[in-house]
Amino acid sequence: MSAALKEAVRTLARTVGYDVTHITRTVAYAAVEKRLAELPCDRLDALEISAGWKWRQIGWGSYREMNWPDHDICEDVLERKFDVILADNVWEHLLHPYRAARNVLAMLKPGGLFVNITPFMIRHHPIPTDCTRWTELGMRHFLADVGFDAAGIETGSWGNAGAVKANFHRWARTGWRRRLPNDPDFPVTVWAFAKAPVRAPGGVPA
């Protein structure tokens, strides 16, 4: 299905109140949208790793994509620095997630924001690989170990047993659901906001 046709389907679905977003992503997307709404995005430089359809529509000061296989976030670092770097369900697929997160840190401006959405309780989906899962606690420690400001890492998660079961054999859509209750024992998705350290001249933390 072409990108134009996909967008037409999404528009029609929204018109009749049907949400085509994967149920694993709806609550995470709302949390990220709320956080980005607090920022002057129209003045910020954004980079998306393995970009999808969602985040390029925000209305950034500038927006760039870093897509595999032309760019491998585990190996490549762009010379340019960014205010915000986003990864939407990417990190679980990486063979070297620590190396990739350090590359993100190297491309962020001081105090810049890394937005990372990952699944937890969903089935194996090798695209082309599927390697890693993090809880909120695991994600906080992972990002702090990489070098992000530990005090500036915020995480959230959402899921319930019904959402876990809904994805056993297909990728369930949010559809007509208006209630999305959260059960902390069944996190389907985890998201994080991590800030790059702010450094004074000479590389000393400010």
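The values are calculated or read from the model by the stated rules, or taken from the named source; none is laboratory data. Just so it is clear, the model here is predicted, and its values are computed rather than measured. Cβ placement follows ideal geometry from the backbone for every residue including glycine, while neighbour counts extend to all protein chains displayed.
Can N167 be described as at pLDDT below 90, of a type outside the set (G, A, S) and either under 29 Å from R102 (Cβ atoms) or surrounded by 15 or more Cβ atoms within 10 Å (Cβ to Cβ) (or both)? First the steps, then the outcome.
Numbers: at pLDDT below 90: yes; of a type outside the set (G, A, S): yes; either under 29 Å from R102 (Cβ atoms) or surrounded by 15 or more Cβ atoms within 10 Å (Cβ to Cβ) (or both): yes.
Spelling it out, N167 is indeed at pLDDT below 90, of a type outside the set (G, A, S) and either under 29 Å from R102 (Cβ atoms) or surrounded by 15 or more Cβ atoms within 10 Å (Cβ to Cβ) (or both).
Can you report the number of residues in region 34-78 which are assigned to a loop (DSSP other than H, G, I, E, B), over 18 Å from D88 (Cβ atoms) and small (G, A, S)?
1
Could you list, in sequence order, all residues of region 111-130 that are of a type outside the set (S, T, N, Q) and exposed (fewer than 14 other Cβ atoms within 10 Å of the Cβ)? Working first, answer last.
Keep residues of region 111-130 that are of a type outside the set (S, T, N, Q), which gives 111-115, 117, 119-128, 130.
Residues satisfying the conditions are R123, H124, H125, P126, I127, P128.
Any residue at all in region 145-153 that's on the phi < 0 side of the Ramachandran plot and part of a loop (DSSP other than H, G, I, E, B)? If you could, list the steps in order and put the result at the bottom.
So in region 145-153, the residues on the phi < 0 side of the Ramachandran plot come out as 145-146, 148-153.
This time we only want the ones that are part of a loop (DSSP other than H, G, I, E, B), so: 148-149.
Yes, the conditions are met somewhere in region 145-153.
Counting only residues that are touching a strand residue (DSSP E or B) at 6+ places or on another chain (Cβ under 7 Å) and not hydrophobic (A, V, I, L, M, F, W, C), how many does region 81-132 have?
Filtering region 81-132 down to residues touching a strand residue (DSSP E or B) at 6+ places or on another chain (Cβ under 7 Å) leaves 81-92, 104, 107-120.
Adding the requirement that they be not hydrophobic (A, V, I, L, M, F, W, C) leaves 81, 83, 88-89, 92, 109-112, 116, 118-119.
Count: 12.
Being modelled with pLDDT of 95 or more and surrounded by 14 or more Cβ atoms within 10 Å (Cβ to Cβ) narrows it down to one residue among E48, E75; which is it?
Details: E75 fails: surrounded by 14 or more Cβ atoms within 10 Å (Cβ to Cβ).
Only one candidate qualifies: E48.
Would you please name the residue that is nearest to H169 (Cα to Cα), looking only at residues in region 120-144 that are in a loop (DSSP other than H, G, I, E, B) and touching a residue at least 40 places away in the same chain (Cβ under 8 Å)?
Pass one, region 120-144, residues in a loop (DSSP other than H, G, I, E, B): 120-135.
Now drop any that are not touching a residue at least 40 places away in the same chain (Cβ under 8 Å), which leaves 120-123, 132-135.
Working: F120: 16, M121: 13, I122: 10, R123: 9, T132: 20, R133: 19, W134: 22, T135: 23 Å.
For region 120-144, the residue satisfying everything is R123.
Quickly run through region 154-165 and pick out the residues that are of a type in the set (S, T, N, Q) and either assigned to a helix (DSSP H, G or I) or touching a helix residue (DSSP H, G or I) at 6+ places or on another chain (Cβ under 9 Å) (or both). First the steps, then the outcome.
Looking only at region 154-165, we keep the residues that are of a type in the set (S, T, N, Q), and these are 155, 157, 160.
Selection gives T155, S157.
Filtering region 141-164 down to residues that are under 17 Å from R25 (Cβ atoms) and not hydroxyl-bearing (S, T, Y), which residue is surrounded by the fewest Cβ atoms within 10 Å (Cβ to Cβ)? Explain how you work it out, then say what you get.
Of region 141-164, the ones under 17 Å from R25 (Cβ atoms) are 155-160, 162-164.
Still in the running and not hydroxyl-bearing (S, T, Y): 156, 158-160, 162-164.
Numbers: G156: 20, W158: 25, G159: 25, N160: 19, G162: 15, A163: 26, V164: 19.
Across region 141-164, the extreme among qualifying residues is G162.
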